[in-house]
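Here the structure is laid out as structure tokens; the discussion comes afterwards.
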Amino acid sequence: MHHVLVDQWSQGSSPLHARDPRAKLLVLVTFLVALATTAGNAFPTLAVDAALLAAGALIAGLPLGRLLLRAMAILPFSVTFGIISWLAGEHLRAIALVEKSYLSTVAVLLLVGTTPLPRLLSGLEALGTPRLLVLLAQFLYRYLFVISEQAQHLRLAAACREGSSGAHRHGKFRAAAGALAVLFARSYYRAEGIHQAMLARAFTGRFSPLNPLRFGPADGFFTAVIGAMLILARIQ
Amino acid sequence: MTPLIEVRDLRFQYEDGTQALDGINFTLHAGETVALFGANGSGKTTFVLQLNGILQGQGSVTVCGLPVTKDNLATVRSKIGMVFQDSDEQLFMPTVLEDVAFGPLNQGLTSQQAIEKAIAALKQARMEHAANKAPYHLSAGEKRKVALAGVLAMDPEILVLDEPTTFLDPPAQRNLVHLLSELPQAKLIVTHNTRFAGALAQRAVFFERGKLVADGTVQEIVQRFDWTYSALAPEDLRYLAQRRL
Ligand SMILES: Nc1ncnc2c1ncn2[C@@H]1O[C@H](COP(=O)(O)OP(=O)(O)OP(=O)(O)O)[C@@H](O)[C@H]1O
Ligand SMILES: [Mg+2]
């Protein structure tokens, strides 16, 4: 089974990976609020924000280029709205929209790329997110991999039987639609099987993390310093 | 002494109407190892899933004196360690160590205790070198061993293994025989592998279309149902020889 790339990044080790997820969440929220209230042409502030992100990626040992590339997934949306604003004559707003959405996406990716999702969710729970939501997210995350794994099996099986002739486009579409139905059915049964196996090992509806969260002095320092930098850059 | 597992007149029907179990009576005593034989689809997996209440039918199932009902599920599931037929379903945590520690953590141990248990169990299953690997990067046989470790880490009183030898190479099968024969727990082993069963179990039961139709020594059952793969029956050989003419 292939993990998504970002999930692989999150398994790495660096000072940023080692920070308590709560510290990173608090810094992210500060970042997003500071960014959202920054004027679109306050370029020094935006430059500081961008520099902090780049420094974070470097310290975490994440491939900066691929991170920036991944974050471009947001552009189709933000550019569309940007163009609408531009046509409406709000040029500053158009630019701000694209800049800010892109920087926010990079920031979120940086958090997700340095924090394994189970830990991130423990952090969210510790910060007061309702348990039901957290549990739901945990199951979604598990089953996302279940579905992608089943899809890969199906694709492999199909590739093995396809031969070299190459079906017509119409036939291919029908085959794909059929495969999708099978994919959902199989994923459903697989998910049910996993749930049974979890129950068999005394699962009671709560994931206990192996490494409980610990907010140490380094986490406090990290939150205070980066938070202060963000706020100073914002109000200068 | 109360038996470890006591099943009386157990019936179970799947939602689509398949009558998978049709009046099963079965008893497992302390220290016993029993092999469970039967054709594909005869109800073996369905039966073992009743033992820890994952599926519930009509009739009575008692484990260590406790009826398997909603109130007792947590206790019963700590007493029965189940290795599933499909290890991919059993391994769901991001790393092997976390997966093996999953059960102990659910039993209320601290992280430190759970890690110790997990490492000890991984050593028992000879998989400690893979502690930090992602389970889905393991080979099928390695997954099996990790799944077994995940169950051993919970210190169960009864081990239920559904087809434990599939995917294992011959040395790994022998290792599994050694490992299992050293474990003091009572065991229920679903298998098509009669040699493996013979090495571990004295007693065997045979399932046929949802019914337990025979109970005896492994040898008796294997002979009575002609339950070996090793060679084709003489009439099959004659048939093949004729077709080749
Ligand atoms: N989820 C399900 N829904 C409907 N029928 C099912 C389901 N699971 C199993 N069955 C049916 O119940 C019967 C018993 O299945 P079971 O899996 O217990 O067999 P088994 O003895 O374990 O077989 P095998 O040796 O192939 O593992 C079969 O006829 C099977 O088709
Ligand atoms: Mg089965």
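Size of segment A:1-84 along its principal axes in angstrom, Cα-based, largest extent first?
41, 29, 20
Quick check: pseudo-label points 7 Å beyond the Cα along Cα→Cβ at A:Glu90 and A:Ala39, how many nm apart are they?
Each label point is offset 7 Å from its Cα along the Cβ direction, giving 1.7 nm.
Which semi-axis lengths, in whole Å and largest first, follow from the square roots of five times the eigenvalues of the Cα gyration tensor of the protein assembly as shown?
Output for the protein assembly as shown: semi-axes of 53, 28, 20 Å.
Which residue, A:Leu35, A:Pro15, A:Ala88, has the largest displacement toward the positive end of the dipole of segment A:1-114 when charges sit on each Cβ (Lys, Arg +1; Asp, Glu -1)?
The Cα lying farthest towards the positive end belongs to A:Pro15.
Given a 1.4 Å probe and heavy atoms of the protein chains only, how would you sort B:Arg209, A:Arg142, largest accessible area at the top?
B:Arg209, A:Arg142
By per-residue mean of other Cβ atoms within 10 Å, what is the highest-first order of B:77-85, A:203-211?
B:77-85, A:203-211
Mind giving me the FRET efficiency for B:Thr18 and B:Leu66? R0 is 25 Å, r the Cβ-Cβ distance, nearest 0.05 is fine.
Efficiency at R0 = 25 Å is approximately 0.30.
Among B:Pro104, B:Phe196, B:Ile5, flag the residue with its Cα farthest along the positive direction of the charge dipole of chain B, charges on Cβ as +1 for Lys/Arg and -1 for Asp/Glu.
Of the options given, the answer is B:Phe196.
Compute the whole-percent fraction of alpha carbon pairs in segment B:5-244 spaced more than 26 Å apart.
Summing the P(r) tail past 26 Å for segment B:5-244 gives 41 percent.
Under the definition of Cα pairs under 8 Å and six or more residues apart, what whole-number percent is the relative contact order of chain B?
The value is 24 percent.
What residues of segment B:91-133 lose no less than 40 Å² of accessible area with every protein chain in place versus their chain by itself (probe 1.4 Å, heavy atoms only)?
B:Phe92, B:Pro94, B:Phe102, B:Leu105, B:Asn106, B:Ser111
Within a Cβ distance under 13 Å of B:Ala199, other residues only, what is the Lys/Arg minus Asp/Glu net charge?
For residues surrounding B:Ala199, the net value is +2.
Report, as an integer, the average count of C-beta atoms from other chains found within 10 Å of each Cβ along A:206-219.
For peptide A:206-219, the averaged partner shielding equals 3.
When the accessible area of chain A is computed with all protein chains present and a 1.4 Å probe, what percentage of it is carbon and sulfur?
It is 71 percent, rounded to a whole number.
Suppose every K and R has +1 on its Cβ and every D and E has -1 on its Cβ; what is the size of the dipole of chain B about the Cα centre, in Debye to the nearest 20?
Rounded to the nearest 20 debye, it is 420 debye.
Counting heavy atoms of the protein chains only and a 1.4 Å probe, report the per residue accessible area for chain B as a whole number of Å².
That works out to 48 Å² for each residue.
Mind checking the full-extension length gain between A:Met72 and A:Ala151? Use 0.36 nm per residue of separation minus the Cα-Cα distance, one decimal, nm.
Between A:Met72 and A:Ala151, full extension yields an extra 25.9 nm.
Segment A:1-62 to segment A:129-143: how many Å between their Cα centroids?
23 Å
Where both residues lie in the protein assembly as shown, what percent of DSSP beta bridges are antiparallel, nearest 5?
Approximately 55 percent, going by the DSSP bridge assignments.
Please work out, to two decimal places, the log10 of the ratio I(q)/I(0) at q = 0.13, 0.15, 0.18, 0.28 Å⁻¹ from a Debye calculation in which every Cα of segment B:75-119 carries one identical scatterer.
Ignoring solvent entirely, the Cα scatterers give -0.29, -0.39, -0.56, -1.10.
When the chain is fully extended, how far beyond the present Cα-Cα distance does B:Ser139 get from B:Gln202, taking 0.36 nm per residue of separation?
Value of the extension gain: 19.6 nm.
Solvent-accessible area of A:Met229, probe 1.4 Å, all protein chains present, reported in Å² to the nearest ten, please.
Taking all protein chains as shown, A:Met229 has close to 90 Å².
Straight-line reach from B:Lys70: which lysines fall under 23 Å, measuring Cα to Cα and dropping same-chain residues less than 8 apart?
Excluding near neighbours in sequence, the set is B:Lys44, B:Lys79.
When you have a sec, figure out the Kirkwood radius of segment A:8-155 from all distinct Cα pair distances and drop it here in Å to one decimal?
Evaluated on segment A:8-155, it is 17.0 Å.
To the nearest hundred square angstrom, how large is the accessible surface buried between B and A, total for both chains, probe 1.4 angstrom?
2500 Å²
How big is the accessible area of B:Asp22 in square angstrom, nearest 10, if you roll a 1.4 angstrom probe over the protein chains?
40 Å²
Report, to the nearest whole %, how much of the accessible area of segment B:103-152 belongs to carbon and sulfur atoms, 1.4 Å probe, protein only.
50 percent
When ligands, DNA and RNA are left out and all protein chains stay put, how many square angstrom of accessible area per residue does chain A have with a 1.4 Å probe?
I get 56 Å² per residue for this part.
Using a simple charge model, +1 on the beta-carbon of Lys and Arg, -1 on the beta-carbon of Asp and Glu, nothing else, what dipole does chain A show about its Cα centre, in debye to the nearest 20?
Charge dipole, chain A, about its Cα centre: 600 debye, nearest 20.
Just add up the charged neighbours of B:Gly53: K/R +1, D/E -1, any other residue whose Cβ is under 10 Å from the Cβ of B:Gly53.
Charge balance near B:Gly53 sits at +2.
Taking the Cα centre of the protein assembly as shown as origin and charging only Cβ (+1 Lys, Arg; -1 Asp, Glu), how large is the dipole, in debye to the nearest 20?
Rounded to the nearest 20 debye, it is 860 debye.
Can you give the FRET efficiency for B:Ser111 and A:Phe221, using 1/(1 + (r/R0)^6), R0 = 22 Å, r = Cβ-Cβ distance, to the nearest 0.05?
For B:Ser111 and A:Phe221, the calculated efficiency is 0.35.
In square angstrom, rounded to the nearest 10, how much accessible surface does A:Tyr189 have for a 1.4 Å probe?
Approximately 140 Å² for this residue.
The values are calculated or read from the model by the stated rules, or taken from the named source; none is laboratory data. Quick caveat, the model's predicted, so the values are computed rather than measured. Reconstructed Cβ throughout: ideal geometry from the backbone, glycine too, with neighbour counts over all protein chains shown. Keep in mind that these areas ignore ligands, DNA and RNA; they rest on the heavy atoms of the full protein, side chains included. Shrake-Rupley method; radii C 1.70, N 1.55, O 1.52, S 1.80 Å.
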